[in-house]
Structures are given as structure tokens and as C-alpha cells.
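Notes for the one structure printed next.
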Amino acid sequence: MRTTGTYVTVTTLGEAVKAFVPRPLPPSKPPLEAAAILERNHLAQLALARLSGVSGLVPSVDWLLYSAIRKEALLTSQIEGTQATLTDLFDEEAGFAVSNTDDVEEVTNYLRAFRLVRDNLRKPRGLPISMRLLNDAHRLLLDGARGSGKQPGELRKSQNWIGGTRPGNAAFVPPPAEKLPDLLSEMERFIHDPEPTLPPLVRVALVHAQFETIHPYLDGNGRIGRLFIAALMEAWGLLPEPLMYLSGYLKKHQAEYYRRLSAVRTKGDWEGWVGFFLEGVELAAVEAERAIVSIASLVTADRRRLLDAPKSTPASYRLFELLPLMPRFTVEQVRQRLNTSFPTANAAVKVLEGLGIVTEFTGQKKHRNYSYQAYIDLMTR
């Protein structure tokens, strides 16, 4: 059996416990069994290639990114217990009242952290994949009341544990805080190896597991670790745009997700984890491809209805093309986005409402709110 780390005894909260210190990547003694995962890696890469091709079905990739990134933000937060919904997120962005404001704040913080990482990776002088970049993302993720006492943007300075009510009955105790700098430096060296010997998707799988094992923060490790997956896939050119995310798969198979990570530490089963991860990439890419086809079909059908409608106007055309980026809205917001008069904006909304493309959901005479509900229903399936 492969040994993937060593144990050191630490005392925390008055209890002596064994903390796990992982060995550097890649797996060794024995090395990763490439034959066991190459076929699965090939299938995952094919699914990503098909996804890249189908994204051309919609006029604007921004439509796809808007929905995909928000679904990932929601699902990765739900894995950690957040109860917000996609409609809550759309409502918050539209300025509508939401009941679970703290949960929605956690999701929007993830969106801010994700944008920060993407912006840096795309700027000529932006930060590369590094703990410095992840620390900046972590600072945004924990911005707010719930995260203020969890050392946002900083590596932990104390011992943490996973599961259980105290260190003595924990499911897993990560390495001591003083080991973090060396462990994270080793992980960065693996990421930036100029001559990697393993396929990129396999390396992403290894890095995610290593990050979760190191567990460098007091809070937010799961969400930053899953953001790390998306960042590596973009940095290594596995998708031209971040249209596929794993959190839906990991949420659906949450127990196995944790079991596979645990088996790396306890049994040295890197192959089992990597196979699970690659299967997730394949299935998530297929699901993203289906979602794109569904969005393209809906938007094409609704656009055709608008073009055929006798009462359609240039403003209603322009509004329709904005809907996938503002699925909940007010007339005033339409006025601002179209840079037009209130009567013109209101008339454009009425055209789409008359065709059943958008619906008003307050029932009020004034201060009315609208929804592109068919699109939202597609997103929340």
C-alpha cells in the first residue's frame, strides 16, 4: 500500500492528536498507475472538447458564463450548507428583497473571489496561480459578518480539524500550522513544473486533493479548493471559457467525494480519487453541453416569436438580448441599460410580456418586477 504522508502528534484544546502531513506531489512509491486512469482522462478530454464546440450555438458567450458561474457559486456554497437559491441570487442582483441575506452574501462573495482570480489570470501583469492569489480570493470570500473572525486572506495560525465536536473525535486532523509554508511551496512547485509528466486534468485532481488535505485556512477551504479547480483548468487551457464546473457533481456525490479524499490519506488510493474526479469532469461537461443546447433552443425560439410579432420594436429587440444577463429586472433598470426614456423602456417590457416571454410577479400597479422565468427554470433544473 502506498503511503501518502506521515503523522505528527500535536496538542490542541488540551488534547494530543495525530495530524497528517502529506508527502509532496506527484504520488510516488509507487508512482500513479497511469494505465488505470488514461482511458478515463481521454473520455474527460473528449467531453471538454465537445463542450468547447457547442458554446458557439449562442450569440454571446457572456450569456453562458453569467449562468454557469452563478450556478457554480451557488452549488459550491450549498456543499458547505448555504441555503440560498439561484432565484435569490438573481433577485439580489436586481435589487429585490431577499430573506436569507447572509446566505446570499456568501454566494456573492464567491462570485467576487472568482472574478478576482479570473481577472488576474487574464491580465498580462496579473498574479499567476499561487497562494498569494488564493489568499486574495479568500479575503473576498470571507468578507462580511460570518467570516470576519476566521482570518480572511491569511493562512491559519492554529490547528484545525474536520468532523467531530473536538480534536479527539475528529474525522481528520490536517497538518500543523507551522508546516503550511513548506507544504504550500511544494504544491506550487508541482503546479509550475516546466516539464510535467502527467496530463493536466490528472494534475488538477492531484492539486485539489492536496489542497484539501493541507486545509490552510480556518474556514472556506472547500470553496477555495473548488475555485482552485476552475482556476487551474483556465490557466492550463483545458477550456477556452469556464463553462464547466464540478460542484454540481461533487454536491450530488458528496459522501463519495469526502470518502475518496479520505482514502488518499488512509490507503494511498490516489487512483480511486483521480478516477472519481475525471468521471466528474466528463459528466459535468456533458451536463454543461446539454444546458447550452437548452439555452440556445429557448433563446432562439423566443427571439423568433419576437421577430414575428407585429408590435415588436427596436427597444424590445435590445431588451430581449439583455435578458440572459438580467433575468429579473424592473422597468427602471431596463431604462438605464437601454439608455432610453421610461415610456420607451416600459413599452419594450410590455411587448415581451404580451408575448409571454417575461412575466410580472408582484401583481402591483407600481414598482413592478419582471422575470424571464423560462430561462430561470432551465438554470434551476
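Each reported figure results from applying straightforward, stated rules to the coordinates on display, with no laboratory input. Because the structure is predicted, anything quoted here is derived from the model rather than measured. So basically every Cβ, Gly included, is an ideal-geometry build from the backbone, and we count neighbours across all protein chains shown.
Tabulated data
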item	result
In Hz, Karplus ³J(HN,Hα) per residue of segment 55-68 (6.51, -1.76, 1.60; θ = phi - 60°; x = Gly, Pro)	5, x, 6, 10, x, 10, 5, 4, 4, 5, 5, 4, 6, 5
Calculated FRET efficiency for the pair residue 15/residue 378, C-beta based, R₀ 45 Å, to 0.05	0.35
Phi to ³J(HN,Hα) by Karplus 6.51 cos²θ - 1.76 cosθ + 1.60 over segment 175-183, Hz, x for Gly, Pro	x, x, 4, 5, 7, 4, x, 5, 4
Debye log10 I(q)/I(0) at q = 0.09, 0.12, 0.13 Å⁻¹ for the chain, Cα point scatterers	-0.58, -0.95, -1.08
All aspartates and glutamates inside 15 Å of residue 157 as judged from Cα atoms, apart from same-chain residues fewer than 8 positions distant	178, 182, 219
Directionally averaged projected area (convex hull, Cα atoms, segment 30-74), nm²	4.8
Distance in nm between pseudo-label sites at residue 253 and residue 367 (7 Å out along the Cβ direction from Cα)	4.8
For segment 127-134, Karplus couplings with θ = phi - 60° (6.51, -1.76, 1.60), whole Hz, Gly/Pro x	5, x, 4, 6, 5, 4, 5, 5
Cα-Cα over 32 Å, subset of 150/251; 18/150; 123/350	123/350
Mean Cβ count within 10 Å, highest first, over the residues of peptides 132-142, 265-275	132-142, 265-275
Modelled FRET efficiency - R0 30 Å, residue 8 with residue 130, Cβ distances, 0.05 increments	0.70
Charge dipole (debye, nearest 20) of the chain; +1 at Cβ of Lys and Arg, -1 at Cβ of Asp and Glu	320
Residue 12 long-range amide H proximity, modeled H, under 5 Å	17
Under-5 Å amide H pairs with residue 218, H placed in peptide plane, nonlocal only	156
Interatomic Cα distance distribution for segment 309-379, bins of 10 angstrom, percent	21, 59, 20, 0
Percent RCO, i.e. relative contact order, over segment 5-291, from Cα pairs under 8 Å lying at least 6 residues apart	27
Paramagnetic label zone (point 7 Å from Cα along Cα-to-C-beta, residue 121; backbone N under 17 Å) in segment 23-65	45, 48-49, 51-52, 62, 64-65
Gain in span if fully extended, residue 321 to residue 297, counting 0.36 nm per residue against the direct Cα distance	7.2 nm
Under-5 Å amide H pairs with residue 5, H placed in peptide plane, nonlocal only	23
Mean residue ellipticity (222 nm) of the chain, computed from DSSP H runs ≥ 4 via -39,500 (n - 2.57), nearest 500	-19000 deg cm²/dmol
Gain in span if fully extended, residue 1 to residue 157, counting 0.36 nm per residue against the direct Cα distance	52.9 nm
Protection proxy ranking, peptides 118-125, 340-347, 360-367, average beta carbon neighbours within 10 Å, highest first	340-347, 118-125, 360-367
Spin-label pair residue 35/residue 236, simplified geometry with 7 Å Cα→Cβ offset, distance in nm	2.3
Net charge of neighbours whose Cβ lies under 14 Å from the Cβ of residue 335, counting Lys and Arg as +1 and Asp and Glu as -1	+3
